[in-house]
Every structure is written in C-alpha cells, then in structure tokens.
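Notes follow once the structure below has been shown.
Values quoted throughout were computed directly from the atomic coordinates according to the rules given, and no laboratory measurement underlies them. Not measured: the values here are computed from a predicted model.
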Amino acid sequence: MKAAVASLALLLWANPVPAQEPPTPGRVAFFGLRFIDMSTEGAMNGVRPDESTRTKMASALVAEDMVARGFELVPIDPVAKRLETITNPTDCNGCDTAMAAELGADYALTGEVRKISNLILSLELNLRDAESGQTLRAGTVDIRGNTDETWRRGFSYLLRNIIFRQR
C-alpha cells in the first residue's frame, strides 16, 4: 500500500498539472443570470420584484466587468427564442456552448443565483470554451443576506478571485 501511495505521489510530482491562465479577451455570449428560488418563502409567495430587479442588476454588473476586461459581448438575439425554452443555461447539457458557437463567440458565460433562504444564497458563474465545451473557469460563492450589496460583493468576488484569478 505504501508503495502505491509513493508511486502515485511521484507520478503527480513528475507530471504536475500546469496552472491554467485566466481567459484571454475574446467574444463572449453571456446568457445572463438565472434566479432559482429554493426557499419556502418563494414556494409560498412567488416571485419577489426586488429579486427580479437584483438579478438584472447583477447580470449588468457581470456584463460590465467582462467588457472592462476587454471582452466583447456578442448579441444573443439570434438565439433568444431558443433561450426562452431553456430553464437554466448553466445546466442544459451543453446548449450554452452550442448557442455561443452558433453566435460566433469564443466563450459561453452563464450564471445563477440559488436562494436557499432570505439569509443564504449561492451565486455561480461558469465560463466555457464555445468550441470544445470545456469549462475554463467556474465557481460558486455563498453569501449571507439578500441585498443589492451582498449580491454585488458576491459576483465581484467570483469575477476577481475565480474567473480571472491569476495563478
């Protein structure tokens, strides 16, 4: 057993996985953020207007950050009808990258907000290569509090420390 562990350790040491650099600017199809309410409050009361507004605000924050980093957002209008039929582009068996490739984008960017309760929310971003479908960068952060400020801080953290983190 010790020999197997030592051999595995040597193999990993001899063939280190190269650190992946942050994505280089290119054309990105950003399919916006999806809000998924898993809370009892949502089940009982339905959609809250402030959360719909906050989802749009956070989508704009992500889009603006991408543009500020030199990425070009491609219009998603040509796939809008198809996108309306998809509950969550983050979890659609590659439909995001297929649509991104169809739009001539280099990357597909998707994200979601999962509301567990009014206190606990989980934010997620996924950046994938449009041609290969490979996930390049993805991350999730849990936030405490359902406010504009907590959402901004959460998505800013994801962009700065996950999607564009220097390795």
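Just a few scattered comments:
- With semi-axes defined as the square roots of five times the eigenvalues of the C-alpha gyration tensor, the equivalent ellipsoid of the range 23-163 measures 25, 17, 13 Å, largest first.
- Gap separating the Cα centres of the range 24-74 and the range 129-167, nearest whole Å: 11
- The chain, helix-only ellipticity at 222 nm - DSSP H runs n ≥ 4, -39,500 (n - 2.57), divided by all residues, nearest 500: -11500 deg cm²/dmol
- Cα convex hull of the range 43-113, projected area averaged across orientations, nm²: 5.7
- The chain: angle of helix 49-68 to the longest principal axis, Cα-based, in degrees nearest 10: 50
- Nearest-ten-degree value, helix 2-14 long axis tilted from longest Cα axis of the chain: 70
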